[in-house]
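The values are calculated or read from the model by the stated rules, or taken from the named source; none is laboratory data. Please read these numbers as outputs of a predicted model, since none were measured by experiment. Note: ideal-geometry Cβ built from the backbone for every residue, glycine included; neighbour counts use all protein chains shown.
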């Protein structure tokens, strides 16, 4: 017994020691630069390695596919090229070795099973230099040049995107490893360093199949602005990388990450969106290996044979993707507007499904709440201080010695009682489940995974052992469907004992984090299911993990209950399974400011349920920073306070009375807007349009908005500008749109200024404006949790535009089940105000019943008081309503219409 305890203690101490160098800021020496990555250096200079040419004799065009053989002018190696036209202005480009010596990995589990249908090509012109083809149904053309090989995409007559304009197409074919010459034999050809073996930080990557990098450059014509490729703590509008490292996509555990640099972080989504006043286009690079992305802007037009297609000096932005292995598989999105690119990308990788209603409310977390009594005390304190809260979180210390799916019986002797105490007031619990599995033969998860052979293997075929929070740890091979199914089974209540349907899941450390591994992660030459190297799928390991977690939640409820999962690591398509947060940030003003561009980058790349740790994970925020963070986060999708185990306790009531009041107001404001958030997430599932988005997303012709980094839109209705500087007395707010009215949500003051404007700020709120022409549903009876507000009445805030009109929507369902996917199990209302009457009518088939009713309607910007207001029902019943008009504010309140929200109705004004 003593030996076992000592071993466990040593494991924990070793894990802590391994992590200590990271505690005082990121140790950049642990992470590669491009110069330290052989394939990055080679691919960045691919134009010097020889061009690719298309063999016109091999050209085939059948239905939606154009196929041909490419060859490399230097090596003479052949490749299979395919260009597929899909519905809705999407094109898929593929390049694969004609005769690979070993199979190359092609990314699974990311694209939806049902992708858009193909569209037929029409070959229009052919010449020795190239050919032109069109898709009549979508109005697009492509011009493909033979040598050097390039593909130009046109919308109508306008060139929009070119592939390989800079001759950076790069594809390292598989080859035999050179044999060292023996005596009397001719020496093997010299190989560039890093082709067959590479060392970094004391670890050696054996590269058994040699160099296999692939790369391609995308030129967006007429554009200077490009966004995406999260996750990075850098600018939203991607900066040029000519004088810096490229942006790196390689999922890593980075403590206290730095701001304003292209270092890799926890997620990798290789998707970009380019914006101009005329058109929005995009590209998606489907590759899960380590990837570097160069960005450059140019005024010289495209190169070589396509130069006659553009005006000399035309601006363009170039994005060069370069991955270590795999095949070349890419998609082009032709827009033409931001909403269209989001839809096109969502049709490939999926949308965020409507989350359970509670998950959009406020979450309270730290590493760690001490015990069951601590959880009870914190929950009670929220009630005592009249602060709503929906979810308590438990970090790794709640487990039995870091063994997931277990409880520390001393600290949490009766977890079911603890959960019941929370659910009695409408609250939920989230527990952490990480992928590293403690080496302990008495731990059923480790023993069963070992017996089933479901761990990642070393190149020698043994189970790979690394170090993480439990000490010696093993890592499941989630590429194997059997491993995902095994983890899904662990969430069933008879396996995960002490939990109920009100317990949800947090997947952390799933990059995967390996404290003693190269770059704090797995070696690349480990082996996964199907003899796949880890290098091929690294960026999707966390994605595969949350797939298993999601399946587990579906399994335990027999498909009846919507999961809520939070993940730190993600790839394209992860939005189908989990929310995300921005990782181990710091209690600094810069990190508060960075939460906006980081979440905007994730949002336009499909991962729309995003937030940052309120207050910063590391450090101790002072009262001003903490208040400002709450105010900002209350208008971001995922709203959670979280802190490191070494920080001071920071529940809201531990700050002074004035700061507590401001934090309370920020959280209560979030709860009042929950009907809006829920509606936006329903519409997100239907349309792919993210609830939090950049200003230019809904104002795509406002070129001044293209560089706005410090504000955002919530839907089309709210413009939010967080205050992210200490002692700020003014902020510069950009108001988009011509002849557009904006109304302060607190004072109702109208702003009809176009462009930037200096706005005074005080500590009691941040600048948030409702757009003229919008109708926002709210709930203004704030209770201790959102569940207790489910049937509460609705207030509509009608902000009129210059034409005295407005519109909006409201979505209601049971908040937790999948019944909303049946037509009669939800309520979707549209509201329209035409200056004379406000109407509400159902967009779904009538039949859903709700307890919510219309309590009041507030008209903002009404310059004329009506003589009367009448409520009219479809049955012809009329009722005169009470009104109150404040001429100084142009504010009209219609009191207690009293109609159930499931009914169609009209309020008619007489002037």
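The table for this structure:
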quantity	calculated
Sole exception among (1) modelled with pLDDT of 95 or more; (2) touching a strand residue (DSSP E or B) at 6+ places or on another chain (Cβ under 9 Å) for residue 844, by number	(1)
Restricting the stretch 386-403 to residues that are more than 18 Å from residue 641 (Cα to Cα) and in a loop (DSSP other than H, G, I, E, B), the residue that is farthest from the chain's Cα centre (by Cα)	401
Test result for residue 722, in a loop (DSSP other than H, G, I, E, B), within 20 Å of residue 335 (Cβ to Cβ) and at pLDDT 95 or above	no
Meets criteria (buried (at least 24 other Cβ atoms within 10 Å of the Cβ) and part of a helix (DSSP H, G or I)) for residue 601	yes
Scan of the stretch 750-780 for residues that are in a loop (DSSP other than H, G, I, E, B) and touching a residue at least 60 places away in the same chain (Cβ under 8 Å), ordered by number	763, 764, 765, 766, 772, 779, 780
Residue in the stretch 436-447 that is crowded, with 18+ Cβ neighbours inside 10 Å and under 26 Å from the mean Cα position of the chain (by Cα) present	yes
Output for the stretch 485-517, where each listed residue is touching a strand residue (DSSP E or B) at 6+ places or on another chain (Cβ under 9 Å), part of a helix (DSSP H, G or I) and surrounded by fewer than 21 Cβ atoms within 10 Å (Cβ to Cβ)	486
Residues within the stretch 413-428 that are surrounded by fewer than 21 Cβ atoms within 10 Å (Cβ to Cβ) and within 30 Å of residue 448 (Cα to Cα), tallied	4
Within the stretch 144-164, tally of residues that are more than 27 Å from residue 101 (Cα to Cα), in a loop (DSSP other than H, G, I, E, B) and at pLDDT 95 or above	0
Leading residue by the ranking (nearest to residue 339 (Cα to Cα)) among those in the stretch 77-98 that are more than 28 Å from the chain's Cα centre (by Cα) and not in a strand (DSSP E or B)	98
The stretch 120-132: number of residues that are surrounded by fewer than 16 Cβ atoms within 10 Å (Cβ to Cβ) and over 39 Å from the mean Cα position of the chain (by Cα)	6
Checking residue 646 against (1) outside the structural domain of residue 377 (by TED's automatic domain parsing); (2) surrounded by fewer than 22 Cβ atoms within 10 Å (Cβ to Cβ), the condition it does not meet	(1)
Scope the stretch 215-255; condition touching a helix residue (DSSP H, G or I) at 6+ places or on another chain (Cβ under 7 Å) and modelled with pLDDT under 95; matching residues	255
Residue that is more than 26 Å from residue 428 (Cβ to Cβ), outside the structural domain of residue 427 (by TED's automatic domain parsing) and buried (at least 23 other Cβ atoms within 10 Å of the Cβ), where the choices are 759, 812, 775	775
Any hit, the stretch 632-654, residues being more than 26 Å from residue 429 (Cβ to Cβ), in contact with a helix residue (DSSP H, G or I) (Cβ under 6 Å, 6 or more places away or on another chain) and at pLDDT 95 or above	no
Some residue of the stretch 781-794 being assigned by TED's automatic domain parsing to the domain that holds residue 902, buried (at least 19 other Cβ atoms within 10 Å of the Cβ), touching a residue at least 24 places away in the same chain (Cβ under 8 Å) and in a strand (DSSP E or B)	yes
Residue match in the stretch 332-349 (condition: over 19 Å from the mean Cα position of the chain (by Cα) and at positive phi)	yes
Flag for residue 722 being under 25 Å from residue 760 (Cβ atoms), in contact with a helix residue (DSSP H, G or I) (Cβ under 8 Å, 6 or more places away or on another chain) and crowded, with 23+ Cβ neighbours inside 10 Å	yes
Odd one out for residue 101, checked against (1) under 30 Å from residue 533 (Cβ atoms); (2) in contact (Cβ under 8 Å) with a residue 60 or more places away in the chain; (3) more than 33 Å from the chain's Cα centre (by Cα); (4) not in a loop (DSSP other than H, G, I, E, B)	(4)
Of all residues making up the stretch 829-882, the number that are surrounded by fewer than 18 Cβ atoms within 10 Å (Cβ to Cβ) and in a strand (DSSP E or B)	14
From the options 42, 5, residue that is at pLDDT 90 or above and assigned to a helix (DSSP H, G or I)	42
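Here is a yes/no grid of residues against (1) under 22 Å from residue 205 (Cβ atoms); (2) in contact (Cβ under 8 Å) with a residue 12 or more places away in the chain:
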site	(1), (2)
44	yes, yes
54	no, yes
59	no, yes
63	no, yes
66	no, yes
76	no, no
111	no, yes
121	no, yes
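Residue-by-condition table, conditions (1) touching a helix residue (DSSP H, G or I) at 6+ places or on another chain (Cβ under 6 Å); (2) surrounded by fewer than 21 Cβ atoms within 10 Å (Cβ to Cβ); (3) at pLDDT 95 or above:
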| residue | (1), (2), (3) |
| --- | --- |
| 261 | no, yes, no |
| 265 | no, no, yes |
| 281 | no, no, yes |
| 288 | yes, no, yes |
| 302 | no, no, no |
| 323 | no, no, yes |
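This table checks each residue for (1) under 21 Å from residue 343 (Cβ atoms); (2) loosely packed, with under 14 Cβ neighbours inside 10 Å; (3) in contact with a helix residue (DSSP H, G or I) (Cβ under 6 Å, 6 or more places away or on another chain).
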{"site": "103", "(1), (2), (3)": "no, yes, no"}
{"site": "111", "(1), (2), (3)": "yes, no, yes"}
{"site": "118", "(1), (2), (3)": "yes, no, no"}
{"site": "134", "(1), (2), (3)": "no, no, no"}
{"site": "137", "(1), (2), (3)": "yes, yes, no"}
{"site": "141", "(1), (2), (3)": "no, no, no"}
{"site": "153", "(1), (2), (3)": "yes, no, no"}
{"site": "157", "(1), (2), (3)": "no, yes, no"}
